[in-house]
Amino acid sequence: MKEVLYSIKMRSEKDNLHISGAEKIVFENKIEETVHKLINRALNHSKGKANTINIKVENIDNKDIEYIPPLDIKTVLVDNYMKGRECAVDVLQKLGISSKKAIEVVNILKESKPMRGAILLDINTMERLEKDFDRGVRVTNIDWDNKVIEDLNKELELKGLQNDHVKEALALASKVANAPGMVAELCWSDDPDYTTGYVASKTGGYVRITNLKAFGDCFGGRVFCFDSSKASVEGCIEYLQQSITIINKIPSITEGIPYDEYTKE
Ligand code: WAQ
Ligand code: MG
């Protein structure tokens, strides 16, 4: 008999402001350890100590799980966040978004308010499509397969990328890129001590950009660029918020390249 898996969702707040969240899928014998780690994360966060922590543990039906591979990882090295944002515009343009719209996508994230979910943007009209602008769309039910986690850790360690941000963001971005109608995702963290962000897409992979915001800045977020002519927005939101996805392969990881070399590619 197959072992039952559990989805664990954590979100924490301080005075109604989002501090941190997490999505995990684990076997029963890992529930306690995982919940313990997530509570510690919420209580010892660079954005402040949470005063409300919500944890939800639900068992999931194995037959509902979709297994997908991760996006491949590239890293572009930039000297400062201004260059990084220029680079993000370039990557978005490579994915077929016009330069005017690509600049607007970066500006939308720059000007966004703290949210626990992501902005869902119609790349044709540049309108936001979330039902609740304060919350955004929250991607749930996503994690790495228990069977690949050890090899993944080794591979990331080898490339100097072994941290929770990378693992969690790559899993999330791989699911987002697989959503119907999705063109690209732009992200940088709201954690003041984490300045690396990325542009991810099914065709371009997971392109990390080493600096997308100033150190100490606690504004960040995600913009999902969606093409409303390719899929229904309801279907896309349903996929992101309801479907259960497990990443069951190891990504290929390319050595970091300086921005001026990347633009020649
Ligand atoms: N669904 C939708 N949006 C989310 C989710 C989610 N499950 N989790 C976080 N967000 C949004 C929310 O607005 C957060 O405030 C924002 O993203 C940033 O989340 O390769 O750590 O967890 O080195 O702070 C990317 C680079 C790190 C990693 C991103 O984001 C690397 C990161 P954080
Ligand atoms: Mg954060």
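Bear in mind that the values in this text are calculations on the coordinates, not laboratory data. Note that the coordinates shown come from a computational prediction; the quantities given were computed from them, not determined experimentally. Because the Cβ atoms are built from the backbone with ideal geometry, glycine has one as well, and the counts that use them run over all protein chains shown.
Only helices enter the 222 nm calculation for the chain: every DSSP H run of n ≥ 4 contributes -39,500 (n - 2.57), and dividing by all residues gives -9000 deg cm²/dmol, rounded to 500. Relative to the longest principal axis of the Cα atoms of the chain, the long axis of helix 233-242 lies at roughly 40 degrees. Shown in residue order for region 95-110 are the 3J(HN,Hα) couplings computed by the Karplus curve 6.51 cos²θ - 1.76 cosθ + 1.60 at θ = phi - 60°: 8, x, 8, 5, 5, 4, 5, 4, 5, 5, 4, 4, 5, 4, 5, 4 Hz (x for Gly and Pro). With a/c under 1.5 counting as rounded, go ahead and sort the chain into rounded, prolate or oblate using the C-alpha gyration tensor (a ≥ b ≥ c being the square roots of the eigenvalues; past the cut-off, prolate if a/b is larger than b/c, else oblate). Judged from the Cα gyration tensor, the chain comes out rounded (a/c under 1.5). Which of the listed residues, Tyr239, Met115, Thr254, is farthest toward the dipole's positive end in the chain, when Lys, Arg count +1 and Asp, Glu count -1 at the beta-carbon? Sorting the options by dipole projection puts first Met115. Taken about its Cα centre, region 72-193 carries a charge dipole of roughly 380 debye when the Cβ of each Lys and Arg holds +1 and the Cβ of each Asp and Glu holds -1.
Calculate how steeply helix 164-177 sits against the longest principal axis of the alpha-carbon atoms of the chain, using the helix alpha-carbon long axis, and give the answer as 0 to 90 degrees to the nearest 10. Helix 164-177 sits at roughly 70 degrees to that axis. When both bridge partners sit in the chain, DSSP labels roughly 65% of those beta bridges antiparallel. In the chain, taking the dipole from charged Cβ atoms about the Cα centre, the farthest positive-side position among Ser98, Ile25, Tyr67 is held by Ser98.
Can you tell me the 0 to 90 degree angle between the C-alpha axis of helix 31-43 and the longest principal axis of the chain, rounded to 10? Result, in degrees: 50. Dipole check for the chain: with +1 at the C-beta of Lys and Arg, -1 at the C-beta of Asp and Glu, and the Cα centre as origin, the magnitude is about 280 Debye.
Here r is the Cβ-Cβ distance between Val148 and Asp217 and R0 is 25 Å; the resulting FRET efficiency, rounded to 0.05, is 0.15.
Report note on the peptides 111-118, 130-137, 228-235: ranked by the mean count of other C-beta atoms within 10 Å, highest first, their order is 111-118, 130-137, 228-235. In whole Å, how far is the Cα centre of region 37-81 from that of region 184-224? About 14 Å separates the Cα centre of region 37-81 from the one of region 184-224.
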